[in-house]
1. How far is helix 4-15 tilted, in degrees, relative to the longest principal axis of the Cα atoms in the chain, given as a value from 0 to 90 rounded to the nearest 10?
2. For region 57-155, state which trypsin sites (Lys or Arg not before Pro) are in a DSSP loop and have at most 15 other beta carbons lying within 10 Å of their beta carbon.
3. For each of SER304, SER251, count neighbouring Cβ atoms within 10 Å of the residue's Cβ, then give the residues from fewest to most.
4. Residue-wise, which Karplus ³J(HN,Hα) couplings in Hz belong to region 288-295, taking 6.51 cos²θ - 1.76 cosθ + 1.60, θ = phi - 60°, and x for glycine or proline?
5. Between their Cα atoms, which of LYS78/LYS129; LYS179/LYS297; LYS236/LYS290; LYS48/LYS297; LYS179/LYS256 are more than 28 Å away from each other?
6. May I ask you to sort THR245, THR303 by Cβ crowding, counting other Cβ atoms within 10 Å and putting the fewest first?
7. Measure nothing fancy, just the Cα-based angle from helix 175-186's long axis to the longest principal axis of the chain, in degrees from 0 to 90, nearest 10.
8. Using the alpha-carbon centroid of each, what span in Å lies between region 195-261 and region 1-69?
Amino acid sequence: MIEREVLEDASALIRGSGSVVILGHQYPDGDAVGSVLGLGLMLRDLGKTVEVSWPEPFEVPGRLTFLPGLDMMVGPDKLEPEDLIVTVDCASRERLPDFNKILRGGFNVVNIDHHTDNTMFGTVNIVDKDAAATAEIVYLIHRDLGLELTEDAAVCLYTGILTDTGKFQFNNTSVETLKVASELAAAGVKPSWIYENVYQSDSLNYLLFTGDALSRCVLEEDTGLTYVFISQENLKRFGVRMSETEDLIDSLRALKTHRIAALFKELESGTIRVSMRSRNDIDIGSIARKLGGGGHKVAAGYTSSRNGFEDTLNELRREIIEAGWGTDNR
Ligand SMILES: [Mn+2]
């Protein structure tokens, strides 16, 4: 539940601003992109100058290029905030590495988020950890902020909720979530059309890439960890971009006996980025935080400080066992 006073403060900041910069987190998912665009479209309809951005690599994940409002995107190096900054789906400033200077530039910051570990770094913090998605919060507060929902904004917000709930299948899907989804549908969103765009628009190359990646999938007995490593070489071979691989981890989660699923991704710099999901209430968020990242209890990630995949895997394996999540000590 968000306090009325907080919403009034945010509303006053918006009313008093001519231009608004909206920032999403690095490696944005459907919720981050859906929330920046949905909120951006509503603010633009209100007459604000709106720019939306997120840190490098500044690209729209392939499955989200159908979303309305992409013309509001401005690269992080070209961004010049004048009034208000709104951050969405960002637990902390660390998720906004290219924007540290402007975040400390004296601008008012409205922080809208649903992560349990949000550091409340904004001037005003609209944080609801019970919300399934930041897009759900944006919908629930839009009237309080003086905003009007259009069909285009509804499309963006619905996409954010759909992707953060794993198509309404994860346990963050609440009665409220489904109620919001139905209200977005009433505003003109066609669920099947969004589903088609997000989940049925892969290229043959991507399908072949997935087949290749899954053929290298490993399941460990002692940790219950299932994982795949994706190298730059793998991507090049199939002509796939890293930002397209976000959902590959869901295929790993289909394994009946797994407890933790991890995707190890080699970035262009050679650094390994790790995305994790868990089941049975295993708290991988705390492991991710310990390793310099963050996220939710059952969905989290971090950028490895280790050299290469093997070291990264070994470190994660140790952390899982040390945290008591290994299969042997349960
Ligand atoms: Mn989210």
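Values quoted throughout were computed directly from the atomic coordinates according to the rules given, and no laboratory measurement underlies them. Note that the coordinates shown come from a computational prediction; the quantities given were computed from them, not determined experimentally. Counting neighbours? That spans all protein chains shown, and the Cβs are built from the backbone with ideal geometry, glycine included.
1. Relative to the chain, helix 4-15 is tipped by roughly 70 degrees.
2. Details: sites: ARG63, LYS78, ARG93, ARG95, LYS101, ARG104, LYS129, ARG143; in loops: ARG104, LYS129, ARG143.
Qualifying residues, ordered by number: ARG104, LYS129, ARG143.
3. Numbers: SER304 22, SER251 16.
So the ranking, lowest neighbour count to highest, is SER251, SER304.
4. 4, 5, 4, 9, x, x, x, x
5. Details: LYS78/LYS129 32 Å; LYS179/LYS297 24 Å; LYS236/LYS290 32 Å; LYS48/LYS297 36 Å; LYS179/LYS256 30 Å.
With Cα atoms farther than 28 Å apart: LYS78/LYS129; LYS236/LYS290; LYS48/LYS297; LYS179/LYS256.
6. Listing THR245, THR303 from fewest to most nearby Cβ atoms yields THR303, THR245.
7. Between helix and principal axis, roughly 60 degrees.
8. Each part's Cα centre sits 29 Å from the other's.
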